[in-house]
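One structure below.
Derivation of every value follows stated rules applied to the coordinates shown; laboratory data play no part. Being a predicted model, the structure only gives us computed values, none of them experimental. With ideal geometry, Cβ positions are generated from the backbone for all residues, glycine too; neighbour counts draw on all protein chains shown.
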Amino acid sequence: MLEVPEMLRDAACAGMDPDLADEMFFPGSNWDPNRYDMARRRCESCPVREACLEHALAGERGAASNRAGMFGGKTPEERANIHRRRRAAERKAS
């Protein structure tokens, strides 16, 4: 399980049972689309959802090997798309 940064201590998932949280947010080889649906619902009203998403994007630095689990209500694939769009916008702006 990941260390929770101080800025994310108020996250909707912070007080969850660690095993349930791992199962829900990091489904791994037992992947079930309903798991991410449950995680996304948990994230919807989270007061630190955007900070969580930005924390994940910064940690991943665009590398697929660093990308796993649900963060900020976004799946690994959704975060990859966000990263690609941001990179394209940066290239266009320069």
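Here is how the number arises for the chain: DSSP H runs of 4 or more residues each give -39500 (n - 2.57), the sum is divided by the residue count, and the result at 222 nm is -16500 deg cm²/dmol. Placing pseudo-labels 7 Å out from each Cα toward the beta carbon at Glu77 and Glu44 gives an inter-label distance of 2.1 nm. The ratio of the alpha-carbon radius of gyration of the chain to the globular-protein estimate 2.2 N^0.38 Å is 1.10. Taking other C-beta atoms within 10 Å as the exposure proxy, Glu44, Glu54, Glu60 rank Glu44, Glu54, Glu60 from fewest upward.
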